[in-house]
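Only one structure is covered here, and it is reproduced in the block below.
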Amino acid sequence: MINKFLLLALLFLVGCGFSQKPWSINSSGDKIVGGEAVAATDPVASHTVNMFQITNHVTNEDGSTEFNFITCSGVIIDKNVIMTAAHCFKGNGGVHIKFGLSADFDDSTVLAKSFVLHPQYKMGAALTEAYDVALIFIDQPLPANYKPVSISKDVLQEGTPLTPAGFGQHVHAGVVGTQATVELRKVNLTGAVVPGIGKTEFAVHQLPNQGIGQGDSGGPVYIKKSDRLELVGINSRAVTYEGDQFPTLMVFAQAKEFIPWIKAETAKVFPPAAPVAAPIVQNPAHAANPVLVIDNTVR
């Protein structure tokens with residue numbers, strides 16, 4: 001039962017990475033565990049992005065500047081909309097979106113227009129419905145090799161193959177890793193879906209050598225539908241059995257449950273265009289006795 005779990009590390013165990021670097025992320029920690037690097041031709045690469053929010057900056061004695069920032073993963077769900085986790089934000093600092101297979105700051109990084117957290121988000125929620133989702137809005141065109149992914153409306157069945165992806169780091173917390181540039185990775189899971197999490201969430205058992213980690217928060221969980229991917233979840237947090245060294249349960253926000261909220265918030269930022277009235281023209285054949293032709297129908 002759920003009450004047998006002890007949450008040893010809440011949101012930030014699988015959550016955001018924290019860095020103090022002059023525009024690079026080069027630290028050891030946790031990312032997709034037991035997975036593989038994503039190739040540029042992989043459909044995962046066309047939907048998944050890295051995001052970071054600057055929390056403050058420090059000017060050194062030599063005049064150089066270092067930035068403290070939170071970094072997470074995200075997924076493109078519309079041409080101007082990226083979905084991620086609400087716990088990836090601290091305050092109202094600027095949010096940047098990084099396109100590409102690594103998380104290094106470069107010319108493929110763009111400043112977001114705005115972001116919004118779900119109004120029911122519960123900071124520090126354990127095994128309850130946390131509403132741990134957020135939207136980031138951009139007003140620049142997507143790069144040519146990027147496109148939105150559809151949100152699956154299917155009921156998730158136990159044993160369904162899942163593919164989480166993210167820009168975390170590839171060893172479990174507490175295990176010494178190699179200093180390496182953070183890259184986009186994915187892992188294929190066939191987990192037992194854990195019941196009782198709630199309507200807006202689902203959970204999957206995680207093995208010690210296969211799962212998600214720090215920096216993967218906000219990242220997508222995909223399923224494959226014939227020739228395309230669909231989004232089923234957003235990486236929220238991990239839970240550990242009491243006494244265990246590694247997290248044993250991965251909790252995800254169920255994307256389809258947030259579709260009405262996504263549509264409402266997107267319409268606030270990018271209002272739908274007003275419908276264009278059909279042109280009204282005079283039919284020359286009836287010049288002596290004018291009538292109106294509307295949508296090619298003589299009246």
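The values are calculated or read from the model by the stated rules, or taken from the named source; none is laboratory data. Here the structure is a predicted model, which means the values were calculated and not measured. In this analysis, Cβ positions are derived from the backbone assuming ideal geometry, glycine residues included, and neighbour counts consider all displayed protein chains.
Figures for the structure shown
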| read-out | value |
| --- | --- |
| Whichever residue in region 231-286 is assigned to a strand (DSSP E or B) and over 19 Å from Asp216 (Cβ atoms) and, among such residues, is modelled with the highest pLDDT | Ile280 |
| The listed residue being touching a strand residue (DSSP E or B) at 6+ places or on another chain (Cβ under 6 Å), under 27 Å from Lys90 (Cβ atoms) and assigned to a loop (DSSP other than H, G, I, E, B), out of Gln120, Gln140 | Gln140 |
| Scope region 131-164; condition at pLDDT 95 or above, farther than 21 Å from Val187 by Cα and among the small types (Gly, Ala, Ser); matching residues | Ala134 |
| Asp132 vs. criteria touching a Pro at 6+ places or on another chain (Cβ under 6 Å), among the acidic types (Asp, Glu) and farther than 14 Å from Ile54 by Cβ | no |
| Residues located in region 54-92, provided they are more than 23 Å from Trp261 (Cα to Cα) and touching a residue at least 40 places away in the same chain (Cβ under 8 Å) | Ile54, Ser64, Thr65, Glu66, Phe67, Asn68, Phe69, Ile70, Thr71 |
